[in-house]
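All remarks here apply to the structure that follows.
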Amino acid sequence: MNRARTFWRSTIGKKIVMAVTGLIMVGFLIGHVSGNLLVFRGPDALNHYSAFLKGLGGFLWFARAILLASVTLHIVAAVQLAELARASRPVGYQWRDPQVSTLAARTIRWSGALILLFVALHLLHFTTGTIQPVRFSTYDVYANIVGGFRIWWVSAFYIVSMIALGLHIYHGAWSSFRTVGMSRPRPNPLHRSVATVVAVFVWLGFTMIPVAVLLGVVH
Amino acid sequence: MNLTLRVWRQAGPKAPGKLVVYEAEDISPDMSFLEMLDVVNESLTVRGKIPIAFDHDCREGICGMCGLMINGVAHGPMKGTATCQLHMRSFKDGDTIYIEPWRARAFPVIRDLTVDRTALDRIIQAGGFITAPTGGAQDANTILVSKHSADSAMDAAACIGCGACVAACPNASASLFTASKITHLGLLPQGQPERYRRALAMVGQMDLESFGACTWFGECQEACPKEISIDTIMRMNRDYLNATTRQA
C-alpha cells in the first residue's frame, strides 16, 4: 500500500497511470468506432449490434466501471501534473521558440477539456436520452443517429470534438507507449506511425457518420 | 557585425529583473557567443558599468557550465552545441538577440544570466553512482560489455549537466537529465547492483526539486548539446516501474 502511494505521488507514477488509463480508453474507442461504422450497413445491422451490447448485462457494467475509473484517474493525474508544470516555471521567458513540439502536444490539455465536455453531452444525448434534440428511442439507435445529426449544430459540435479527439490520440497514444517504456529505441524517437494510424482511424470513423447524415448518404 | 542585444539583468536572487538593450559593435563572425559577450562586458567595464554575469568555464563544450536561452532556444540556433560552441556566424549583421537565463523554479537566478543548478547535483547525489570495488585494479576485459550496450551507455553518459533540457521543456522537467544517468549506469554491468534503488532515489529527488513531469514534447532532445535521445526517458520509466513492483 505504501508503495502504491509513493508510486502515485511520483511524477512518473502519475504519468504511467495516465498512460495505462489512456490506452484503455483508446482500446475502447477503437471498438466504439468499429461498431458505429455498422451504421453504413443499415438500420438492422446497427440496431442488432446495439441490442447485443445492451444484452451483455453484467459485462456491460463491468466495462463501464473500468472506463469510468480510467477517465477519473486520467483526469485527476492530468490536472495535478498540469498544476505542477505551471508551478515549475514561475517566471516565464520573454521569448520562447518551440522547436519540435507538435500542435497536438501543445494543445493536449485543451483538447482533453473539450473531450470531457463532449463525453458528458454525448452520454446525455445518445446514452441516457436526457438531451433530446429529436425524439429519442432506446431501441432505434439508427433513428437517433440520423435524427440527431440532421441538426447542423449537433453535427458541427461532434465534428469539432472529433478533431480534438484525433489530436489528443495523435500525441497521447504515442506518448503513452513511451511512458510505459513499450516503444523500441530508435534513431528518430519523435516519429510515430501506430499512433497516427489509430488517431486517423478514430477521427475519420467518427467524423464520417455526421458528415454522411448531413450529405444524405445515411438516411 | 553590429548587433542589438536584449539581455536579462537582475541584481540578485530576490531583485526584480528586466531586459536591457545593449549594442554589440564590431563583432567578428568568428567569435563564439561568449566571446561576443566578453566584448560587450569589456566596453561596459570601461564605461564604469557592471558587466553582465554569465556562467562559463571550459568553452569547448564539455563542462556544462554555460547555458543561455538565445532567441527563445536553449543554447541558441546551432543544433548539438553548447552556447560556447555557438559562433556569431549563426547570426546576421543587424540582428536583435534576446538573451535570457534558464527558467525553472528549481533553477533560481543568482544574478543576470547565472542560475543555481545545484538541484541537478542533488539528483546525482541521490543515486547517480556505482559501488566501486576497492583494492587491486581488475584486468581490463574481465567484465564483458556488448558493443551495443557500451555505445548506448556512452551516448547517455555524454550528458554534461548543463540544464538545457529543463530550460527547453514546457514543463521545466529534468527527465532527460535524470534519465541519462539512469540509462548510462543501467546499461552497464557495474551499474546493476544499485539499478532499482537508483531509479527510486533519483526520481524521488527529481520530484523533490519541484521539476515538472515529462509530456513528450521532445524539446529537450532538440536542445541537448549532446543530442541525448528521449529514449532514455523510456528506460528511466521502465526502471522506475520495475523498482516499484519488485520484491524489496
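Bear in mind that the values in this text are calculations on the coordinates, not laboratory data. Please read all numbers here as calculations on a predicted model, not as lab measurements. Ideal geometry is used to build each Cβ from the backbone, glycine not excepted, and the neighbour counts take in all protein chains shown.
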*Return the inverse of the average 1/r over all pairs of distinct C-alpha atoms in region A:85-219, which is the Kirkwood hydrodynamic radius, in Å to one decimal.*
17.3 Å
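To the nearest 20 debye, what charge dipole does chain A have about its Cα centre, counting +1 at the Cβ of each Lys and Arg and -1 at the Cβ of each Asp and Glu?
The dipole of chain A has a size of about 860 debye.
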*Have a look at A:PRO189, A:PRO43, A:PRO133 and tell me which one the Gaussian network model of chain A (Cα, springs below 10 Å) gives the largest fluctuation.*
A:PRO189
*Taking Cα pairs under 8 Å and at least six residues apart, what relative contact order does region B:1-153 come out at, in percent?*
26 percent
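To the nearest whole number, what is the average tally of beta carbon atoms from other chains within 10 Å of the beta carbons of peptide B:170-179? Please list the in-between numbers first.
Working: counts 8, 8, 8, 5, 2, 3, 0, 0, 1, 1.
Per residue, the number of nearby Cβ atoms from other chains is 4 on average.
Going by a ≥ b ≥ c, the root eigenvalues of the Cα gyration tensor, does region B:99-233 fall in the rounded group (a/c under 1.5), the prolate group (a/b larger than b/c) or the oblate group?
Note, shape of region B:99-233 comes out prolate.
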_Over region B:2-102, what portion of Cα pair distances is larger than 21 Å, expressed as a whole percent?_
29 percent
*Taking trypsin sites (Lys or Arg not before Pro) as exposed when DSSP calls them loop (any state but H, G, I, E, B) and at most 10 other Cβ atoms lie within 10 Å, what is the longest stretch of chain B free of them, the sites themselves excluded?*
B:93-245
*Which order results if A:SER34, B:SER229, B:SER210 are arranged by neighbouring Cβ count within 10 Å, fewest first?*
A:SER34, B:SER210, B:SER229
*asked:* To the nearest 20 Debye, how big is the dipole of the protein assembly as shown about its Cα centre, given +1 on the beta carbon of each Lys and Arg and -1 on that of each Asp and Glu?
replied: 1700 debye
*Which one of B:TYR22, B:TYR98, B:PHE33 is farthest out on the positive end of the charge dipole of the protein assembly as shown, using unit charges on Cβ (Lys, Arg +1; Asp, Glu -1) and the Cα centre as origin?*
B:TYR98
*Find which of B:VAL203, B:ALA179, B:GLN192 sits farthest along the positive direction of the dipole of region B:171-222, computed with +1 on the beta-carbon of Lys and Arg, -1 on that of Asp and Glu, about the Cα centre.*
B:GLN192
*Mind checking which aspartates and glutamates have their Cα closer than 14 Å to the Cα of B:LYS14? Skip sequence neighbours fewer than 8 apart in that chain.*
B:ASP112, B:ASP116
_Most mobile of A:ILE163, A:ILE16, A:ILE151 in a GNM of chain A (Cα contacts under 10 Å)_ = A:ILE151
*Taking the Cα centre of region B:168-248 as origin and charging only Cβ (+1 Lys, Arg; -1 Asp, Glu), how large is the dipole, in debye to the nearest 20?*
400 debye
*asked:* Positive end of the dipole of the protein assembly as shown, charges at C-beta (+1 Lys, Arg; -1 Asp, Glu), about the Cα centre: which of B:THR83, A:MET182, A:SER70 has its Cα farthest in that direction?
replied: A:SER70
*How large is ³J(HN,Hα) for each residue in region B:59-75, as worked out from phi by the Karplus curve 6.51 cos²θ - 1.76 cosθ + 1.60 (θ = phi - 60°), to whole Hz, x for Gly and Pro?*
6, 10, x, 10, 9, x, 7, 7, x, 9, 8, 10, 6, x, 10, 5, 6
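Using the structure shown, list the pairs from B:LYS18/B:LYS49; B:LYS181/B:LYS226; A:LYS14/B:LYS226 with a Cα-Cα distance above 20 Å, or answer none. Let's see the in-between values first.
Values: B:LYS18/B:LYS49 16 Å; B:LYS181/B:LYS226 13 Å; A:LYS14/B:LYS226 29 Å.
Exceeds cut-off: A:LYS14/B:LYS226.
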*Return one number: the angle in degrees, 0 to 90 and rounded to the nearest 10, between the long axis of the Cα atoms of helix A:194-215 and the longest principal axis of the Cα atoms of chain A.*
30 degrees
_Per-residue HN-Hα couplings for region A:120-136 [Karplus 6.51, -1.76, 1.60; θ = phi - 60°; Hz; x = Gly/Pro]_ = 4, 5, 4, 5, 5, 7, 9, 9, 8, x, 5, 8, 10, x, 10, 4, 9
